[in-house]
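Derivation of every value follows stated rules applied to the coordinates shown; laboratory data play no part. Quick caveat: nothing in here was measured; it's all calculated off a predicted structure. Neighbour counts run over all protein chains shown; Cβ positions are idealised from the backbone, glycine included.
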Amino acid sequence: MIGNQSIQFENPPYLINSGSIVGSKEGQGPMGKLFDKVGEDDMFGAQTWEEAESTLQKEALQIALNKENMKKEELNLLFAGDLLGQSIASSFGISSFHTPHVGLYGACSTCGLSIAVGSMAVAGGFADKVACVTSSHFASAEKEFRFPLAYGNQRPLSATWTVTGSGAFLLSSKPNRKVRAVVSGVTFGKIMDYGVKDSMNMGACMAPAAADTIKQHLQDFGRKPEAYDKIITGDLGAVGQKLLFELLQEDGIDIQKQHMDCGMEIFDSEKQNTNAGGSGCGCAAVILSAYILKKIEEGVWERVLFLPTGALLSKTSFNEGQTIPGISHAVVLEHYKNS
């Protein structure tokens, strides 16, 4: 442990491979050609939206295993989570792998949470190889948290579009022939609640959590924003990004040169009518797998701070008029220098 909320690994785990699968709308976006698989039909051969999301997780993990020529029996632990009630996308999606399963819930921060906890297991010597998986689906998320698709409600400009996609990541205690990144440290975030109640403005709900985690991370590690080639949030969108900059500037921290938001990169908001950008567990996960890790692996970026953001609401809490707290977990990803 270093500082108040961070861990710096003495034996950093290696992120050895990953897999990504997305829906048709994501495939038409600016990064469409980078994903491992793009579905032509967002049902993915399933009968329900929830079953389709489970299929996403199963396929993403299989893609990652196939790339690594790894058998599922080689995995010691599987960390997974999603947005649906009782994380049913994960439990039904990856049950066929028959791997010891650790269910996680961090809302849209689950990608960062799973990699952080999985890295602790590997770095601590409790597992040799683990998988971290998460997903979201536009239709299942709308059904869970907002309105049925058939309702056809108008979306405000502050709203984000839940990404249909899944990302899977393989962590190992030993490097392989092609390490995508080294996980050198993590900072676990605190729950931050600024009293926002608007479920159509997730950026405002989550920006305070991202700001708090970034501030604490820099303090714990004794670093400045310039220590990172990129500081990447998961799905704040255009509204959340502006608020993030303002909150950090109150503490004299300026990350505008380093900042990138996955939700602002995955869609062309004007051409694809996604308003403030993308969101959902799958948003940060598929961008990490398809784009961010590519840059780190190639050495274009030497060190990246990756911190997906999550809004911790449920149908019950929202309908009872509760506020929407946020959380953000940060992972330090570094280029692997094979000596």
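Mean Kyte-Doolittle of at least 0.0 plus a Cα span of 20 Å or more along the axis: flag which DSSP H helices in the chain meet both, please.
202-221
Under the Karplus relation 6.51 cos²θ - 1.76 cosθ + 1.60, θ = phi - 60°, what is the ordered set of whole-Hz ³J(HN,Hα) values for the stretch 306-318, x standing for Gly and Pro?
Those phi angles translate into 10, 9, x, 10, x, 9, 8, 10, 9, 4, 5, 4, 5 Hz.
By per-residue mean of other Cβ atoms within 10 Å, what is the highest-first order of 54-62, 188-196? Please list the in-between numbers first.
Values: 54-62: 26.1, 188-196: 17.0.
In descending order of packing, they fall as 54-62, 188-196.
With both partners inside the stretch 14-172, how many of the DSSP beta bridges are antiparallel, as a percent to the nearest 5? Before the final figure, lay out each step's value.
Details: 16 of 26 bridges.
Of those bridges, close to 60 percent are antiparallel.
For the stretch 243-339, which GluC sites (Glu not before Pro) are in a loop by DSSP, counting at most 10 other Cβ atoms within 10 Å?
Of the GluC sites (Glu not before Pro), the ones in loops of the stretch 243-339 whose Cβ has at most 10 other Cβ atoms within 10 Å are Glu250, Glu298, Glu320.
Can you sort Asp82, Asp41, Asp128 by how many other beta carbons sit within 10 Å, fewest first? Before the final figure, lay out each step's value.
On the way: Asp82 34, Asp41 10, Asp128 16.
Ascending Cβ contact count within 10 Å gives the list Asp41, Asp128, Asp82.
Once you list every other residue whose beta carbon is under 14 Å from the beta carbon of Tyr194, what net charge do they have if Lys and Arg are +1 and Asp and Glu are -1?
For residues surrounding Tyr194, the net value is -3.
Straight-line reach from Lys33: which lysines have a Cα under 18 Å away, not including same-chain ones fewer than 8 places off?
Lys25, Lys67, Lys271, Lys294, Lys295
Per residue and in Å³, how big is the convex hull formed by the alpha-carbon atoms of the stretch 174-252? Let's see the in-between values first.
Numbers: hull volume 10.8 nm³, N = 79.
Roughly 137 Å³ of hull volume per residue.
Report the antiparallel proportion of the DSSP beta bridges in the chain as a percent, rounded to a multiple of 5. Spell out each step's value before the answer.
Numbers: 35 of 54 bridges.
Once the DSSP bridges in the chain are tallied, antiparallel ones form about 65 percent.
Taking amide H atoms as placed 1.01 Å from N in the peptide plane, list the residues 5 or more away in sequence, or in a different chain, whose amide H sits under 5 Å from that of Ser136.
Result for Ser136 returns Gly165, Gly282.
With 10 angstrom as the radius, rank Val117, Val332, Val102 by how many other C-beta atoms surround their C-beta, starting from the fewest.
The fewest-first ordering by Cβ neighbours comes to Val102, Val117, Val332.
Computed from these coordinates, which is mean projected area of the Cα convex hull in nm²: (i) 15.8; (ii) 19.4; (iii) 16.7?
Identified label for the calculated read-out: (i).
Note down the net charge around Phe267, summing +1 for each Lys or Arg and -1 for each Asp or Glu among other residues with Cβ under 10 Å from its Cβ.
Here the count lands on -2.
Under the √(5λ) rule applied to the eigenvalues of the Cα gyration tensor, what semi-axes describe the equivalent ellipsoid of the stretch 14-172? Give them in Å, descending.
Details: eigenvalues 149, 52, 41 Å².
Semi-axes, largest first: 27, 16, 14 Å.
Using the Cα centre of the chain as origin and beta-carbon charges of +1 (Lys, Arg) and -1 (Asp, Glu), tell me which of Thr233, Thr160, Ser314 is placed farthest towards the positive end of the dipole.
Sorting the options by dipole projection puts first Thr233.
Residue by residue, what Karplus-based ³J(HN,Hα) values in Hz, rounded to whole numbers, does the stretch 166-176 have, using 6.51, -1.76 and 1.60 with θ = phi - 60° and x for Gly and Pro?
Result, ordered by residue: 9, x, 10, 9, 10, 10, 9, 6, 10, x, 10 Hz.
Order of Tyr105, Tyr228 from fewest to most other C-beta atoms within 10 Å? Walk me through the numbers on the way to the answer.
Details: Tyr105 16, Tyr228 24.
So the ranking, lowest neighbour count to highest, is Tyr105, Tyr228.
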